[in-house]
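This report refers to the structure that appears directly beneath it.
The values are calculated or read from the model by the stated rules, or taken from the named source; none is laboratory data. From a predicted model like this one, the values you see are computed outputs, not experimental measurements. Using ideal geometry, Cβ is built from the backbone for each residue, glycine included, and neighbour counts are taken over all protein chains shown.
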Amino acid sequence: MDHQDSSGCRGCSNGHGVALSPGQAHDAPEGRKLLHRVGRMPRPIHLLMDRAYEGDATRQLAWDLGFVPVVPPKQNRLTLWELDRAMYKRRNERERLFRRLKGFRRLFSRFEKRDVMFVAFINFALIVDGLH
(Lines give C-alpha, C1' and ligand atoms only; values in the text may rest on other atoms or scores of the structure.)
Protein backbone atom coordinates (compact mmCIF):
# COMPACT_ATOMS: atom_id res chain seq x y z
CA MET A 1 0.00 0.00 0.00
CA ASP A 2 1.09 3.49 -0.62
CA HIS A 3 0.48 6.35 1.79
CA GLN A 4 0.63 9.42 -0.43
CA ASP A 5 1.53 12.16 1.99
CA SER A 6 3.67 12.76 5.03
CA SER A 7 0.93 12.04 7.57
CA GLY A 8 2.19 8.46 7.81
CA CYS A 9 5.71 9.46 8.78
CA ARG A 10 7.24 8.87 12.21
CA GLY A 11 7.20 11.98 14.32
CA CYS A 12 4.77 13.94 12.16
CA SER A 13 2.51 16.55 13.71
CA ASN A 14 -0.46 14.16 13.51
CA GLY A 15 1.32 11.58 15.67
CA HIS A 16 1.09 8.75 13.17
CA GLY A 17 3.79 6.08 13.23
CA VAL A 18 5.50 4.26 10.41
CA ALA A 19 3.72 1.01 9.67
CA LEU A 20 5.94 -2.00 9.03
CA SER A 21 4.71 -5.56 8.53
CA PRO A 22 6.52 -8.88 8.52
CA GLY A 23 7.48 -9.94 5.01
CA GLN A 24 6.16 -13.49 5.35
CA ALA A 25 2.63 -12.43 6.35
CA HIS A 26 -0.35 -12.61 3.98
CA ASP A 27 -1.01 -9.21 2.38
CA ALA A 28 -4.69 -8.49 3.05
CA PRO A 29 -4.87 -9.18 6.83
CA GLU A 30 -1.55 -7.41 7.41
CA GLY A 31 -2.74 -4.50 5.28
CA ARG A 32 -5.82 -4.13 7.46
CA LYS A 33 -3.64 -4.17 10.59
CA LEU A 34 -1.46 -1.42 9.09
CA LEU A 35 -4.51 0.68 8.25
CA HIS A 36 -5.70 0.40 11.85
CA ARG A 37 -2.26 1.51 13.08
CA VAL A 38 -2.24 4.57 10.81
CA GLY A 39 -5.73 5.57 11.95
CA ARG A 40 -8.27 8.02 10.64
CA MET A 41 -7.17 10.62 8.11
CA PRO A 42 -8.21 14.25 8.62
CA ARG A 43 -8.97 14.54 4.90
CA PRO A 44 -9.39 11.95 2.14
CA ILE A 45 -6.09 10.51 0.89
CA HIS A 46 -5.81 8.17 -2.08
CA LEU A 47 -4.56 4.76 -1.04
CA LEU A 48 -2.95 3.01 -4.03
CA MET A 49 -3.20 -0.77 -3.69
CA ASP A 50 -2.71 -3.82 -5.86
CA ARG A 51 -5.26 -6.57 -6.31
CA ALA A 52 -4.06 -8.43 -3.20
CA TYR A 53 -5.91 -5.74 -1.20
CA GLU A 54 -9.11 -5.61 -3.23
CA GLY A 55 -11.24 -7.55 -0.74
CA ASP A 56 -14.45 -6.03 0.58
CA ALA A 57 -13.17 -5.89 4.18
CA THR A 58 -9.97 -4.07 3.24
CA ARG A 59 -11.68 -1.56 0.95
CA GLN A 60 -14.42 -0.84 3.51
CA LEU A 61 -11.85 -0.30 6.26
CA ALA A 62 -9.99 2.13 3.99
CA TRP A 63 -13.21 4.10 3.42
CA ASP A 64 -14.03 4.05 7.15
CA LEU A 65 -10.60 5.49 8.00
CA GLY A 66 -10.89 8.34 5.49
CA PHE A 67 -8.86 6.88 2.62
CA VAL A 68 -10.01 6.64 -0.98
CA PRO A 69 -9.03 3.11 -2.05
CA VAL A 70 -7.63 2.95 -5.58
CA VAL A 71 -7.53 -0.74 -6.44
CA PRO A 72 -8.68 -2.59 -9.55
CA PRO A 73 -11.30 -5.30 -9.02
CA LYS A 74 -10.33 -8.90 -9.73
CA GLN A 75 -11.71 -10.21 -13.00
CA ASN A 76 -13.95 -12.77 -11.28
CA ARG A 77 -15.82 -10.09 -9.28
CA LEU A 78 -19.58 -10.01 -9.83
CA THR A 79 -19.96 -6.36 -8.83
CA LEU A 80 -17.32 -4.03 -10.21
CA TRP A 81 -16.51 -0.48 -9.09
CA GLU A 82 -15.14 2.58 -10.80
CA LEU A 83 -11.35 2.75 -10.90
CA ASP A 84 -9.49 6.04 -11.15
CA ARG A 85 -7.12 4.79 -13.86
CA ALA A 86 -5.01 7.95 -13.92
CA MET A 87 -4.39 7.67 -10.18
CA TYR A 88 -3.73 3.92 -10.40
CA LYS A 89 -1.07 4.53 -13.07
CA ARG A 90 0.83 6.57 -10.46
CA ARG A 91 1.32 3.32 -8.53
CA ASN A 92 3.93 2.43 -11.16
CA GLU A 93 6.06 5.37 -9.98
CA ARG A 94 6.17 3.87 -6.48
CA GLU A 95 6.97 0.41 -7.83
CA ARG A 96 9.94 1.85 -9.77
CA LEU A 97 11.12 3.65 -6.62
CA PHE A 98 11.11 0.35 -4.72
CA ARG A 99 13.10 -1.24 -7.55
CA ARG A 100 15.73 1.50 -7.22
CA LEU A 101 15.79 1.13 -3.45
CA LYS A 102 16.55 -2.58 -3.84
CA GLY A 103 20.04 -1.43 -4.80
CA PHE A 104 20.51 -0.61 -1.13
CA ARG A 105 21.06 -4.14 0.14
CA ARG A 106 20.90 -2.96 3.72
CA LEU A 107 17.20 -2.09 3.29
CA PHE A 108 16.02 -5.36 1.88
CA SER A 109 18.08 -7.64 4.09
CA ARG A 110 16.83 -5.62 7.09
CA PHE A 111 20.13 -5.34 8.95
CA GLU A 112 18.62 -2.76 11.28
CA LYS A 113 16.79 -4.28 14.23
CA ARG A 114 15.14 -1.08 15.44
CA ASP A 115 12.39 0.52 13.37
CA VAL A 116 13.76 4.01 13.95
CA MET A 117 17.14 3.05 12.43
CA PHE A 118 15.45 1.25 9.54
CA VAL A 119 13.33 4.32 8.76
CA ALA A 120 16.41 6.55 9.04
CA PHE A 121 18.20 4.43 6.45
CA ILE A 122 15.14 4.58 4.17
CA ASN A 123 15.32 8.37 4.42
CA PHE A 124 19.03 8.26 3.60
CA ALA A 125 18.38 6.02 0.57
CA LEU A 126 15.63 8.36 -0.66
CA ILE A 127 17.98 11.34 -0.40
CA VAL A 128 20.68 9.51 -2.36
CA ASP A 129 18.10 8.45 -4.97
CA GLY A 130 16.87 12.05 -5.26
CA LEU A 131 20.39 13.31 -5.89
CA HIS A 132 20.81 11.06 -8.95
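Select from the range 102-116 the residues that are acidic (Asp, Glu) and out of contact with any helix residue (DSSP H, G or I) (no Cβ under 7 Å at 6 or more places or on another chain) and list them in ascending order.
If the condition is that a residue be acidic (Asp, Glu) and out of contact with any helix residue (DSSP H, G or I) (no Cβ under 7 Å at 6 or more places or on another chain), then Asp115 is the only one that fits.
For the range 91-111, which residues satisfy the criterion of being closer than 26 Å to Tyr53 by Cβ and not basic (Lys, Arg)?
Across the range 91-111, the qualifying residues are Asn92, Glu93, Glu95, Leu97, Phe98, Leu101, Phe104, Leu107, Phe108, Ser109.
Within the range 78-91, is there a residue that is among the polar types (S, T, N, Q) and either assigned by TED's automatic domain parsing to the domain that holds Ala52 or on the phi > 0 side of the Ramachandran plot (or both)?
yes
For the range 83-100, state whether one or more residues are farther than 27 Å from Leu131 by Cα, surrounded by fewer than 17 Cβ atoms within 10 Å (Cβ to Cβ), at pLDDT 85 or above and of a type in the set (Lys, Arg).
Looking for residues that are farther than 27 Å from Leu131 by Cα, surrounded by fewer than 17 Cβ atoms within 10 Å (Cβ to Cβ), at pLDDT 85 or above and of a type in the set (Lys, Arg), one finds at least one in the range 83-100, hence yes.
Take the residues in the range 5-23 that are polar (S, T, N, Q) and either in the same structural domain as Val119 (by TED's automatic domain parsing) or under 14 Å from the mean Cα position of the chain (by Cα) (or both); name whichever of them is modelled with the highest pLDDT.
Looking at the filtered set, the residue picked out is Ser21.
Conditions (1) surrounded by fewer than 18 Cβ atoms within 10 Å (Cβ to Cβ); (2) among the aromatic types (Phe, Trp, Tyr); (3) at pLDDT 80 or above, marked per residue:
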position: His3; (1), (2), (3): no, no, no
position: Ala25; (1), (2), (3): yes, no, no
position: Gly39; (1), (2), (3): yes, no, no
position: Pro42; (1), (2), (3): yes, no, no
position: Asp50; (1), (2), (3): yes, no, yes
position: Pro73; (1), (2), (3): yes, no, yes
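Conditions: (1) in contact with a helix residue (DSSP H, G or I) (Cβ under 9 Å, 6 or more places away or on another chain); (2) in contact (Cβ under 8 Å) with a residue 40 or more places away in the chain. Val119 meets all but one. Number of the miss?
(1)
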